[in-house]
1. Please work out which one of (1) near the ligand (Cβ under 9 Å from one of its atoms); (2) at positive phi is the condition residue 106 fails and give its number.
2. Which is surrounded by fewer than 16 Cβ atoms within 10 Å (Cβ to Cβ) and in contact with a strand residue (DSSP E or B) (Cβ under 7 Å, 6 or more places away or on another chain), of 183, 169, 152?
3. Of all the residues that make up the range 109-143, how many are more than 20 Å from residue 77 (Cβ to Cβ) and more than 11 Å from the ligand (Cβ to nearest atom)?
4. Mind checking whether some residue in the range 80-103 is hydroxyl-bearing (Ser, Thr, Tyr) and out of contact with any Phe, Trp or Tyr (no Cβ under 9 Å at 6 or more places or on another chain)?
5. Exactly one condition in (1) assigned to a helix (DSSP H, G or I); (2) more than 11 Å from the ligand (Cβ to nearest atom) is false for residue 64; which is it?
6. Taking the conditions exactly as written (more than 9 Å from the ligand (Cβ to nearest atom), of a type in the set (Val, Ile, Thr), over 26 Å from residue 9 (Cα atoms) and more than 12 Å from the chain's Cα centre (by Cα)), does residue 84 satisfy them or not?
7. Here's a check for you: in the range 155-166, which residue that is in a loop (DSSP other than H, G, I, E, B) and under 15 Å from the mean Cα position of the chain (by Cα) is surrounded by the fewest Cβ atoms within 10 Å (Cβ to Cβ)?
8. Sort through 107, 116, 85 and tell me the only one that's crowded, with 20+ Cβ neighbours inside 10 Å and more than 19 Å from residue 47 (Cβ to Cβ).
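Please treat every number below as a calculation from the coordinates, not as lab data. This one's a predicted model, so the numbers in the text were calculated from it and none came from an experiment. All Cβ positions, even for glycine, are placed from backbone atoms using ideal geometry, and neighbour counts span all protein chains on display.
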Amino acid sequence: MASVAELRPVRLAFLPELSLRLASSLEAHWQESEPPWWAVAWVGGQALARFVLDHPARVRGRRVLDFGAGSGLVGLAAASVGAVVSAVDVDAAAVEATRINAEDNGVSIDARCVDVIGQAVDVDVILAGDVCYDAAMAERVLPWLFERARAGVEVLLADPGRRYLPREGLVELARYEVPSQGGVEGDARRSVAVYAVTTRAAERTSIT
Ligand SMILES: C[S@@+](CC[C@H](N)C(=O)[O-])C[C@H]1O[C@@H](n2cnc3c(N)ncnc32)[C@H](O)[C@@H]1O
């Protein structure tokens, strides 16, 4: 896999406002212990970025955290409409990708390689694009996202209906038909919802 800096910036038809350094396919990397997930614009992240670009007032002037940033596309969307953006990912290459993509787009993002699950974060909004991708991640991240919502943070989550998405406690705000990118989804397009994480039913979040 090329490094982030070696990838050419591209513009996705679904998000023409943003320039992103992405791989056209991750197929050659499936067997790697740590595939370069940051080199893909996940359908959840694409939908959340689209939602932010379409509803700029929701984040403008607010302190926004892009949680599980990957390429940083959600944070880039928020920064480009006037939010004060920080981004976290536990993959150092994702943090580098977020920084380089921010530079390419002429926006500022404070990107850090840190695991903030379980911690209070001093932001107004948390944006989480496609973070329910496996059981272990969902079991850790969902209780924390609900806890942050109860603490008064606006939490938005976008997901194409993956198995580990909770069935309660989410309010659908928008739905998009998103072209998959990088070859990680079976379908050419996925129907992806953007949800507000509510304070209700958080303790009943079930992963089945
Ligand atoms: C499926 S990718 C989604 C990336 C991006 N949000 C998007 O939609 O394109 C999930 C990301 O979450 C990151 N991640 C996993 N555990 C994390 C944690 N504890 N804290 C922050 N990021 C984490 C992974 O490294 C990966 O970049």
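1. Failed condition: (1).
2. Of the residues listed, the single one that is surrounded by fewer than 16 Cβ atoms within 10 Å (Cβ to Cβ) and in contact with a strand residue (DSSP E or B) (Cβ under 7 Å, 6 or more places away or on another chain) is 183.
3. Of the residues in the range 109-143, 6 are more than 20 Å from residue 77 (Cβ to Cβ) and more than 11 Å from the ligand (Cβ to nearest atom).
4. Within the range 80-103 (the criterion being hydroxyl-bearing (Ser, Thr, Tyr) and out of contact with any Phe, Trp or Tyr (no Cβ under 9 Å at 6 or more places or on another chain)), the answer is yes, since at least one residue qualifies.
5. (1)
6. Judged against the criteria, residue 84 is not a match.
7. The extreme case among them is 161.
8. Only one candidate qualifies: 107.
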